[in-house]
Amino acid sequence: MAEAEPDRRRLYGRRRGRPLRPGQQRLFETLLPKLAIALPQAGRLDPKTLFPAGLSAVWLEIGFGGGEHLAEQAARHPEIGFIGSEVFENGLAKLLDEVDRRRLGNVRLFADDARLLIERLAPASIGRTFILFPDPWPKQRHHKRRLIAAATLDQLAEAMALGAELRLATDDPSYLVWMLERATAHPGFIWLARRSADWRERPPDWPPTRYEAKARAAGRTPVFLRFARR
(Lines give C-alpha, C1' and ligand atoms only; values in the text may rest on other atoms or scores of the structure.)
Protein backbone atom coordinates (compact mmCIF):
# COMPACT_ATOMS: atom_id res chain seq x y z
CA MET A 1 0.00 0.00 0.00
CA ALA A 2 1.30 3.43 -0.93
CA GLU A 3 2.61 5.76 1.75
CA ALA A 4 1.59 9.40 1.99
CA GLU A 5 3.87 11.95 0.39
CA PRO A 6 6.88 12.80 2.62
CA ASP A 7 5.86 16.44 3.12
CA ARG A 8 2.23 15.64 3.94
CA ARG A 9 1.39 16.01 7.64
CA ARG A 10 0.06 12.73 9.05
CA LEU A 11 -3.44 13.07 10.48
CA TYR A 12 -3.95 9.53 11.72
CA GLY A 13 -2.49 7.38 14.49
CA ARG A 14 -1.12 3.86 14.39
CA ARG A 15 -1.70 1.49 11.47
CA ARG A 16 -1.58 -1.78 13.41
CA GLY A 17 -2.99 -3.07 16.68
CA ARG A 18 -3.26 -6.65 17.87
CA PRO A 19 -2.24 -9.40 15.42
CA LEU A 20 -4.94 -10.43 12.97
CA ARG A 21 -6.71 -13.72 13.53
CA PRO A 22 -6.24 -16.39 10.84
CA GLY A 23 -9.66 -15.71 9.34
CA GLN A 24 -8.96 -11.98 9.20
CA GLN A 25 -5.60 -12.59 7.60
CA ARG A 26 -7.29 -14.77 4.98
CA LEU A 27 -9.68 -11.93 4.10
CA PHE A 28 -6.74 -9.54 3.83
CA GLU A 29 -5.14 -11.87 1.33
CA THR A 30 -8.25 -12.83 -0.66
CA LEU A 31 -10.99 -10.20 -0.32
CA LEU A 32 -9.10 -6.93 0.20
CA PRO A 33 -7.31 -7.11 -3.19
CA LYS A 34 -10.72 -7.37 -4.89
CA LEU A 35 -12.05 -4.28 -3.07
CA ALA A 36 -8.92 -2.13 -2.92
CA ILE A 37 -8.92 1.12 -4.90
CA ALA A 38 -5.90 1.84 -7.07
CA LEU A 39 -5.49 5.51 -7.93
CA PRO A 40 -4.91 6.31 -11.60
CA GLN A 41 -1.41 7.31 -12.65
CA ALA A 42 -2.80 10.54 -14.07
CA GLY A 43 -6.10 12.36 -14.19
CA ARG A 44 -9.14 11.99 -11.98
CA LEU A 45 -11.00 8.93 -10.74
CA ASP A 46 -14.72 8.59 -11.48
CA PRO A 47 -15.81 6.53 -8.44
CA LYS A 48 -18.80 5.02 -10.24
CA THR A 49 -16.36 3.07 -12.42
CA LEU A 50 -15.35 1.11 -9.30
CA PHE A 51 -18.77 -0.51 -9.07
CA PRO A 52 -21.16 -2.46 -11.28
CA ALA A 53 -23.23 -0.28 -13.61
CA GLY A 54 -26.55 1.07 -12.42
CA LEU A 55 -25.70 2.53 -9.02
CA SER A 56 -27.41 5.83 -8.33
CA ALA A 57 -24.62 7.48 -6.31
CA VAL A 58 -21.36 6.94 -4.45
CA TRP A 59 -20.93 7.79 -0.76
CA LEU A 60 -17.62 8.13 1.07
CA GLU A 61 -16.72 7.40 4.70
CA ILE A 62 -13.35 8.69 5.92
CA GLY A 63 -11.84 6.88 8.90
CA PHE A 64 -14.56 4.24 9.29
CA GLY A 65 -13.09 2.70 12.46
CA GLY A 66 -14.62 -0.73 12.95
CA GLY A 67 -16.80 -0.31 9.86
CA GLU A 68 -20.16 -0.94 11.52
CA HIS A 69 -21.68 2.31 10.20
CA LEU A 70 -20.42 1.77 6.65
CA ALA A 71 -21.53 -1.88 6.58
CA GLU A 72 -25.01 -1.02 7.83
CA GLN A 73 -25.39 1.83 5.33
CA ALA A 74 -24.24 -0.45 2.50
CA ALA A 75 -26.74 -3.11 3.55
CA ARG A 76 -29.57 -0.55 3.70
CA HIS A 77 -28.68 1.03 0.36
CA PRO A 78 -27.69 -1.63 -2.21
CA GLU A 79 -28.34 0.94 -4.96
CA ILE A 80 -25.45 3.12 -3.71
CA GLY A 81 -21.71 2.47 -3.91
CA PHE A 82 -19.71 2.97 -0.72
CA ILE A 83 -16.05 3.90 -0.46
CA GLY A 84 -14.42 3.46 2.93
CA SER A 85 -11.03 4.95 3.76
CA GLU A 86 -9.14 3.64 6.79
CA VAL A 87 -5.48 3.06 7.61
CA PHE A 88 -5.90 0.96 10.79
CA GLU A 89 -5.54 -2.68 9.79
CA ASN A 90 -7.73 -4.03 12.60
CA GLY A 91 -10.57 -1.74 11.50
CA LEU A 92 -10.12 -2.88 7.92
CA ALA A 93 -10.26 -6.48 9.11
CA LYS A 94 -13.56 -5.90 10.94
CA LEU A 95 -15.16 -4.33 7.89
CA LEU A 96 -13.87 -7.06 5.58
CA ASP A 97 -15.52 -9.60 7.87
CA GLU A 98 -18.83 -7.70 7.64
CA VAL A 99 -18.57 -7.40 3.86
CA ASP A 100 -17.91 -11.13 3.60
CA ARG A 101 -20.61 -12.15 6.09
CA ARG A 102 -23.30 -9.89 4.58
CA ARG A 103 -22.14 -10.44 0.98
CA LEU A 104 -21.97 -6.70 0.35
CA GLY A 105 -21.08 -6.09 -3.27
CA ASN A 106 -21.27 -2.29 -3.07
CA VAL A 107 -18.22 -1.58 -0.89
CA ARG A 108 -14.73 -0.54 -2.01
CA LEU A 109 -11.76 0.30 0.22
CA PHE A 110 -8.86 2.72 0.26
CA ALA A 111 -6.31 1.67 2.89
CA ASP A 112 -4.27 4.86 3.02
CA ASP A 113 -4.46 8.59 3.78
CA ALA A 114 -7.91 9.66 2.57
CA ARG A 115 -6.57 12.95 1.25
CA LEU A 116 -4.68 11.05 -1.45
CA LEU A 117 -8.01 9.70 -2.65
CA ILE A 118 -10.09 12.86 -2.29
CA GLU A 119 -7.73 14.98 -4.35
CA ARG A 120 -7.99 12.50 -7.25
CA LEU A 121 -11.78 12.12 -7.26
CA ALA A 122 -13.65 13.59 -10.19
CA PRO A 123 -15.44 16.85 -9.38
CA ALA A 124 -18.98 16.52 -8.02
CA SER A 125 -18.71 12.71 -7.96
CA ILE A 126 -19.57 12.02 -4.30
CA GLY A 127 -23.16 12.12 -3.06
CA ARG A 128 -22.49 12.00 0.69
CA THR A 129 -19.44 12.05 2.97
CA PHE A 130 -19.17 10.78 6.54
CA ILE A 131 -16.41 11.73 8.99
CA LEU A 132 -17.56 10.21 12.27
CA PHE A 133 -15.67 10.63 15.52
CA PRO A 134 -12.28 11.44 13.99
CA ASP A 135 -9.26 11.57 16.26
CA PRO A 136 -9.65 14.86 18.19
CA TRP A 137 -5.91 15.24 18.74
CA PRO A 138 -6.73 16.96 22.05
CA LYS A 139 -3.31 18.41 22.84
CA GLN A 140 -2.89 21.96 21.59
CA ARG A 141 0.35 21.18 19.77
CA HIS A 142 -1.42 18.42 17.81
CA HIS A 143 -4.41 20.49 16.63
CA LYS A 144 -2.70 20.94 13.27
CA ARG A 145 -3.27 17.21 12.71
CA ARG A 146 -7.06 17.49 12.90
CA LEU A 147 -8.72 16.22 9.74
CA ILE A 148 -11.41 18.88 9.65
CA ALA A 149 -9.43 21.80 8.24
CA ALA A 150 -9.76 24.31 5.43
CA ALA A 151 -7.63 22.26 3.02
CA THR A 152 -9.69 19.08 3.54
CA LEU A 153 -12.96 21.00 3.22
CA ASP A 154 -11.68 22.54 -0.01
CA GLN A 155 -11.01 19.08 -1.45
CA LEU A 156 -14.37 17.74 -0.29
CA ALA A 157 -16.22 20.72 -1.72
CA GLU A 158 -14.71 19.96 -5.12
CA ALA A 159 -15.40 16.22 -4.92
CA MET A 160 -18.98 16.47 -3.63
CA ALA A 161 -22.02 17.16 -5.78
CA LEU A 162 -24.25 20.16 -5.17
CA GLY A 163 -26.69 19.34 -2.39
CA ALA A 164 -24.57 16.41 -1.17
CA GLU A 165 -24.41 15.98 2.60
CA LEU A 166 -21.30 16.15 4.74
CA ARG A 167 -21.95 14.39 8.05
CA LEU A 168 -19.64 14.94 11.00
CA ALA A 169 -19.76 13.56 14.54
CA THR A 170 -17.67 14.10 17.65
CA ASP A 171 -17.89 13.75 21.42
CA ASP A 172 -15.01 16.14 22.08
CA PRO A 173 -16.20 19.70 23.01
CA SER A 174 -13.02 21.32 21.74
CA TYR A 175 -13.23 19.55 18.40
CA LEU A 176 -16.92 20.44 18.12
CA VAL A 177 -16.10 24.14 18.31
CA TRP A 178 -13.25 23.59 15.84
CA MET A 179 -15.53 21.76 13.38
CA LEU A 180 -18.26 24.38 13.54
CA GLU A 181 -15.84 27.27 13.13
CA ARG A 182 -14.30 25.80 10.01
CA ALA A 183 -17.29 24.17 8.35
CA THR A 184 -19.66 27.12 8.82
CA ALA A 185 -17.00 29.52 7.54
CA HIS A 186 -16.38 27.50 4.39
CA PRO A 187 -18.20 28.91 1.34
CA GLY A 188 -18.86 25.45 -0.05
CA PHE A 189 -21.03 24.22 2.83
CA ILE A 190 -24.12 25.29 4.75
CA TRP A 191 -25.11 23.93 8.17
CA LEU A 192 -28.53 22.25 8.01
CA ALA A 193 -29.44 22.57 11.71
CA ARG A 194 -32.57 24.56 12.49
CA ARG A 195 -33.16 23.46 16.09
CA SER A 196 -31.08 21.88 18.84
CA ALA A 197 -32.42 18.38 18.16
CA ASP A 198 -30.87 18.59 14.69
CA TRP A 199 -27.43 18.21 16.21
CA ARG A 200 -28.12 16.67 19.62
CA GLU A 201 -29.99 13.65 18.25
CA ARG A 202 -28.68 11.17 15.70
CA PRO A 203 -31.05 11.00 12.70
CA PRO A 204 -32.87 7.68 12.14
CA ASP A 205 -30.96 7.06 8.89
CA TRP A 206 -27.61 7.42 10.68
CA PRO A 207 -26.57 4.02 12.15
CA PRO A 208 -24.72 4.13 15.49
CA THR A 209 -21.04 3.32 15.91
CA ARG A 210 -19.01 1.76 18.68
CA TYR A 211 -17.40 5.15 19.25
CA GLU A 212 -20.78 6.67 20.04
CA ALA A 213 -21.53 3.85 22.49
CA LYS A 214 -18.12 4.27 24.09
CA ALA A 215 -18.65 8.02 24.47
CA ARG A 216 -22.07 7.61 26.07
CA ALA A 217 -20.74 4.93 28.44
CA ALA A 218 -18.05 7.39 29.54
CA GLY A 219 -20.61 10.14 30.11
CA ARG A 220 -19.69 12.18 27.04
CA THR A 221 -22.38 13.61 24.76
CA PRO A 222 -22.01 12.94 21.02
CA VAL A 223 -22.95 15.65 18.57
CA PHE A 224 -24.17 15.00 15.01
CA LEU A 225 -23.62 17.70 12.39
CA ARG A 226 -25.09 17.80 8.89
CA PHE A 227 -23.89 20.19 6.19
CA ALA A 228 -24.90 20.48 2.54
CA ARG A 229 -22.68 21.25 -0.42
CA ARG A 230 -23.77 24.53 -1.98
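Per-residue surface analysis assigns Val177 an accessible area of about 80 Å², computed on protein heavy atoms at 1.4 Å probe radius. Placing a label point 7 Å from the Cα of Arg145 along the Cα-to-Cβ direction, the residues of the range 76-102 whose backbone N falls under 15 Å of that point are 87-88. The order of the peptides 210-222, 48-60 by mean Cβ neighbours within 10 Å, most packed first, is 48-60, 210-222.
Potential lengthening of the chain between Ser196 and Glu79 amounts to 38.9 nm, from the contour at 0.36 nm per residue minus the alpha-carbon distance. Here the Karplus relation 6.51 cos²θ - 1.76 cosθ + 1.60, evaluated at θ = phi - 60°, turns the backbone of the range 84-101 into coupling constants of x, 10, 7, 9, 7, 4, 5, x, 4, 4, 5, 5, 4, 5, 5, 4, 5, 5 Hz, with x for every Gly and Pro. Taking Ile118, Ile190 and ordering them by how much accessible surface each has at a 1.4 Å probe, largest first, produces Ile190, Ile118.
Placing a pseudo-label 7 Å from each Cα along the Cα-to-Cβ vector at Lys34 and Lys214 gives an inter-label distance of 3.0 nm. Listed by chain and number, the lysines whose alpha-carbon sits under 24 Å from that of Lys48, ignoring those within fewer than 8 places in the same chain, are Lys34.
The apolar share of the surface of the range 134-207, taken as the fraction of accessible area on carbon and sulfur atoms (1.4 Å probe, ligands and nucleic acids excluded), comes to 57 percent.
For the chain, the solvent-accessible area of protein heavy atoms averages 50 Å² per residue (probe radius 1.4 Å; ligands and nucleic acids excluded).
The values are calculated or read from the model by the stated rules, or taken from the named source; none is laboratory data. Just so it is clear, the structure is predicted and the values come from calculations on it, not from any experiment. Note that each Cβ is placed from the backbone with ideal geometry, even for glycine, and that neighbours are counted across all protein chains shown. Keep in mind that these areas ignore ligands, DNA and RNA; they rest on the heavy atoms of the full protein, side chains included. Shrake-Rupley method; radii C 1.70, N 1.55, O 1.52, S 1.80 Å.
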